[in-house]
Amino acid sequence: MWRKFEYVRPETVNEACKIHFEESSSAFLAGGTDLLIQMKRVSKVPKLLIDIKNIKELKQIAIENGRLKIGSLVTLREIEKSDIITQKFNLLSTAASNMGSVQIRNRGTVGGNICNASPGADMLPPLIALGAQVKITGLDGSKTLPLEDFFKGPGETVLNRGQILTEIIIPESRGKGAFLKYTVTSVQVAIMNIAVWADITEDGFCKDIRIAMGAAGPKPLRMKTTEELLKDRRITEELVRKAADVISNEIQPSTRERARVSPEYRRHLSKVLLIQAINSVIGGNR
Amino acid sequence: MYVGKDIPRIDAADKVTGKAVYLDDINFPDMLFAKILRSPYPHAKILKIDTREAEKLPGVKAVLTHKDVPKIPFNSSYRGPFHAYYPFDEYILEDKVRFIGDKVAAVAAEDPLIAEEALDLIKVEYQPLPAVFDPEEAMKSNGPQIHPEVSSKNIISEWVIGWGDVEHGFKEADYIFEGRYKTHRQAHCAMETHGSIAKYDLIKNELTVWSSTQVPFNVRRVLSIALDMPISKIRVIKPTIGGGFGGKDEVFDEPLCALLSKKAGGRPVKICYSREEEFIATRVRHPAIYELKTGIKKDGTITSLHVKAILDGGAYATASPQVLRVNATYFMNLYRYLNFKFEGYAVYTNCIPSGAIRGYGGPQAHFALETHLNEIAQELGLDPVEFRLKNIRRDGDEVPVYGKILGCRLEDCIKIGAEKAEWHKKRREKNKDIGMGMALHTHTTGPPPRIAPETTTAIVSISEDGSITLISPIVDVGTGTATSIMKVVADELSVPIEKIKYVEADTSSELFDYGTFADRANFNGCNAALLAAKEVKKKILQKAAKMLGSSMENLEIVNGVIRIKSSPEKRLPIGDVAKAIYFEERQPVIGVGEFIPEVNPMAWGATFVKLKVDRRTGKINILKIISVHDVTKAVSPEQVRSQIRGCAIWGVGFSLYEEVILRNGKMLNPTFRDYRICRSLDFPEIEPVIVEAEVDRPELFVKGVGQNALISIAPAIAAALYDAVGIRIRETPMTPEKVWMAMKDKGLVEEE
């Protein structure tokens, strides 16, 4: 339900942080594709919206010292269409291209997708699989932490009042990736999604692998047990099937009523998605 | 001839350029905006309600609770005295709430945000009452009683109908089949949500209401009952509608809006629903439970069909009694049974009220009947097509409620569809996980005159310059009906359609009409306009005969000019004749059409579906739908095809994706994020097929096609699913998880 609110549009990160710190009932507005929907439905809405879209320094995509840096205000459509990203990190552009409709992708930002902390958000598994770090800036400076440590639970992050997510940093690493999303209709939030980033030799030896899944638990999950099973091994059909069994036990499916599918079905889906994703990475190797 | 030809719709330009005026586009300088406080409880008594704080909020102009409204019961769907079996179980506001989303109080304020804020300030003390959400549970005598004053055991309506002796028929049968089938709640999802504006004139005690409605005259009638006002003091105007689908087939907040306007000193008050309100507080498709028992002989003759039906009507009766009665007709009309019995109940629960929605119970009844018959055919090794050709209704059959069947081309629909689908050839080719299925449907064109009165009116006038005005009370809900009605008039008068101006009459015209539902608009509208055109044509031909010194029989009208058939150079433009009638005969040039159908043409059709099942996920991918319809005559073929396509997509949504999910009466998915309707990317290939009949003046028999295609999609999908992977689903929607579960039970699931 809409309520009256105030609106400001600062020009700098520092100014934005200061306003956010001083007004306890305030929220950052980027693309608004999640926030505005929540404001229509939840009766407790922020008194002040801090529109950060004018902060130009948060809109860059760049490679620096081999590392990919994405500003938090970069839109999903820009990620989908960026040459740098489609060439080197196609799982990111694939994930972005599967989100919402073009209109939503033109508005929605990568930072917003992260900070909204939806357990099934499409950008999160590929970023985690790529070993992304996030830079948080507050009134007392900046710090960087792994993205997988950024989430506390559904809709909850480590961000404090007066802090903004400013940048996503993806380290250089050898490998190939895949992103898969399971939905029933088009333009739908993922029922489940998976990202795999792996360094697999020509003859099928897995030197390194990172697997992350969305809508598989209360927050996006890194599937470390499954990774360990596959790492430093030769990938065979049998091993992948075994990994599928492991991942189906490693996920933490929600049992809350609003979840649209049963935990049992979700465990099955995790197997199907893992097998398909690994086959896709290996296929890309050949 | 315009009938049968495609021309641009008269409303097309306004709609694509954004000029069409919808309810929310209407504003008045002193207008107030209203919001409604809704119940968080599925069943509760309101013990105390304190609005003092809300009233103090600057900008608030009127607050209403149950204490401020007349204690007059009504039924929001009431169409007249023939609806004596409709319980009057609603009040504008009451001290009791019966579903989550039920109205508790309303506020009108200077702007919608103030009204919303005021809702927060209303203090309500509820006493929660035991609630019941399952219709079978609700029918047990010892549970919560939702409307004890008008019902016992929560039964809204009971309907038993049939012929012969089903028990005897079972004895004569070689095989007996039984099945239980369940369908779910679906929402209308019209692009435009519900809304109304009311303006109460305190001096004249007159009320004007603008409403996004399919039924202006019904809205006026119910307003008159609920507010205890004379009909003559109420005017209902319908602006352009952004979709109805049955959801706007009854009264919603018009009475509340009127009282708010009255309390606010006569200032106009607007209510527009949010999408969430649209989901939780309007109407849904009746969830239904069917138990079918069929007796059948070795040669495929059906000796008995016994149907037990329970429709979940939700918290208020509204149209449930009618939906129940029509439900029986779907079973009775489609096939010949030696013995037949339908025993049905519509039942109250503490859920969102069920009401009219595209298909009007048809998708539910047909899912049960057609799935059941497909199962029987499969079990007995009969070809479902041949099995049906043996048992379907044919011309001359007499059925209860509707009477004698005439002009039925169901057999052709089946044969044409089977040929297009290459049914006999393709069904033998076994492709892994690909299946084909078929199902039939029947639907009404207007309520059957035996159970509901039918009439509509129209006026056609010719002005002194020869331009033509067609005044019709038919509500074009966006289907193009107005354009079709104009075509009939243009053809009858042999004038270019550009010469005709269409005036959509509001209730102040007193051109009575029941409204747009049951696919009645085109049939009734075209015929009333045709009668009006005939009358005015007679007047001008009479005068022209005098002027040209000829007889009426020797005259013809060609492109707006009257001429003598044998000597076409002797001619008069229609305008000159009209002018002469006005100024020489001193008479108006007007024709009035009153159409009272004796029968309503029943519409028939067949659906063929081809699909592929993903064994890993249970996901169904529909490869093709062939949707065949007996329409007698397509007045506007492309509009008919677009109705078939759009309606088939509804069917896909109903079968696979859409579901209003309630937990203890609370809707868990009241957004388009979570309630999944088909988007353009989800549309399968649909081939609409129109089957026409060779009849004289076919517009007299135009059959409805607005609700039909959806009806037989779900059973056709269920049959194709069985053909593809050998599983039976007897409960809609057929979600991937449900399909996966059924496959898993049979060891058919794959992981890669």
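Values as computed for the structure displayed
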quantity: Residues that are assigned to a helix (DSSP H, G or I) and either in contact with a Pro (Cβ under 7 Å, 6 or more places away or on another chain) or open to solvent by 70 Å² or more (accessible area, probe 1.4 Å) (or both), drawn from the stretch A:32-65; calculated: A:Ile37, A:Gln38, A:Lys40, A:Arg41, A:Lys56, A:Glu57
quantity: Residues that are out of contact with any Leu (no Cβ under 8 Å at 6 or more places or on another chain) and closer than 12 Å to B:Ala258 by Cβ, drawn from the stretch B:200-232; calculated: B:Leu202, B:Asn205, B:Glu206, B:Thr208, B:Val219, B:Arg220, B:Val222, B:Ser224, B:Ala226, B:Asp228
quantity: Positions within the stretch A:1-31 being in a helix (DSSP H, G or I), in contact (Cβ under 8 Å) with a residue 60 or more places away in the chain and in contact with a Leu (Cβ under 9 Å, 6 or more places away or on another chain), in sequence order; calculated: A:Val13, A:Asn14, A:Cys17, A:Lys18, A:His20, A:Phe21
quantity: Residues within the stretch B:80-114 that are in contact with a Pro (Cβ under 6 Å, 6 or more places away or on another chain) and either closer than 30 Å to B:Pro29 by Cβ or of a type in the set (D, E, K, R) (or both), tallied; calculated: 1
quantity: Count of residues meeting criterion [open to solvent by less than 40 Å² (accessible area, probe 1.4 Å) and outside any helix (DSSP H, G or I)] in the stretch A:221-264; calculated: 9
quantity: Filter pass, B:Ile296 being buried (at least 21 other Cβ atoms within 10 Å of the Cβ), more than 24 Å from the chain's Cα centre (by Cα) and of a type outside the set (Asp, Glu); calculated: yes
quantity: Qualifying residue in the stretch B:725-733 (condition: open to solvent by less than 60 Å² (accessible area, probe 1.4 Å), more than 22 Å from B:Glu411 (Cβ to Cβ) and within 14 Å of chain A (Cβ to nearest Cβ)); calculated: yes
quantity: Selected residue [open to solvent by 10 Å² or more (accessible area, probe 1.4 Å) and closer than 30 Å to B:Lys238 by Cα] from B:Thr445, B:Thr469; calculated: B:Thr469
quantity: Some residue of the stretch B:668-688 being farther than 28 Å from B:Lys430 by Cβ, in contact with a helix residue (DSSP H, G or I) (Cβ under 8 Å, 6 or more places away or on another chain), assigned to a helix (DSSP H, G or I) and more than 14 Å from chain A (Cβ to nearest Cβ); calculated: no
quantity: Flag for A:Lys88 being of a type in the set (Lys, Arg) and closer than 25 Å to A:Ala198 by Cα; calculated: yes
quantity: Count - residues of the stretch B:181-204 that are under 26 Å from the mean Cα position of the chain (by Cα) and open to solvent by 20 Å² or more (accessible area, probe 1.4 Å); calculated: 6
quantity: Within the stretch B:650-666, tally of residues that are within 11 Å of another protein chain (Cβ to nearest Cβ) and either under 20 Å from the mean Cα position of the chain (by Cα) or more than 12 Å from B:Met734 (Cβ to Cβ) (or both); calculated: 9
quantity: Odd one out for A:Glu78, checked against (1) modelled with pLDDT of 95 or more; (2) in a loop (DSSP other than H, G, I, E, B); calculated: (2)
quantity: Among the residues listed as A:Ser248, A:Ser262, the single one being of a type in the set (Gly, Ala, Ser), in contact with a Ser or Thr (Cβ under 8 Å, 6 or more places away or on another chain) and on the phi < 0 side of the Ramachandran plot; calculated: A:Ser248
quantity: Residue match in the stretch A:143-156 (condition: under 29 Å from B:Arg676 (Cα atoms), of a type outside the set (Val, Ile, Thr), in a strand (DSSP E or B) and within 13 Å of the chain's Cα centre (by Cα)); calculated: yes
quantity: Residues within the stretch B:297-350 that are in a loop (DSSP other than H, G, I, E, B) and either of a type in the set (S, T, N, Q) or over 19 Å from B:Pro363 (Cα atoms) (or both), tallied; calculated: 14
quantity: Residues of the stretch A:167-210 classified as under 24 Å from A:Glu228 (Cα atoms) and either in a strand (DSSP E or B) or of a type in the set (A, V, I, L, M) (or both), total; calculated: 22
quantity: Strands (runs of 3 or more DSSP E) completely within the stretch B:388-505 that count 3 or more residues being more than 25 Å from B:Leu710 (Cα to Cα) and out of contact with any Asp or Glu (no Cβ under 8 Å at 6 or more places or on another chain); calculated: B:456-462, B:468-472, B:500-504
quantity: Residue satisfying condition, being surrounded by 17 or more Cβ atoms within 10 Å (Cβ to Cβ), within 21 Å of B:Gln639 (Cα to Cα) and of a type in the set (Phe, Trp, Tyr), within set B:Tyr41, B:Tyr2; calculated: B:Tyr2
quantity: Extreme residue, nearest to B:Lys297 (Cα to Cα), among residues of the stretch B:132-180 that are open to solvent by less than 20 Å² (accessible area, probe 1.4 Å) and touching a helix residue (DSSP H, G or I) at 6+ places or on another chain (Cβ under 9 Å); calculated: B:Gly179
quantity: Options B:Leu223, B:Leu227: the member that is without any contact (Cβ under 8 Å) to a residue 60 or more places away in the chain and of a type outside the set (Lys, Arg); calculated: B:Leu223
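The values are calculated or read from the model by the stated rules, or taken from the named source; none is laboratory data. Worth saying up front: this structure is predicted, and the values here are computed from it rather than measured. Using ideal geometry, Cβ is built from the backbone for each residue, glycine included, and neighbour counts are taken over all protein chains shown. Note: areas computed on protein heavy atoms with side chains; ligands, DNA, RNA excluded. Shrake-Rupley method; radii C 1.70, N 1.55, O 1.52, S 1.80 Å.
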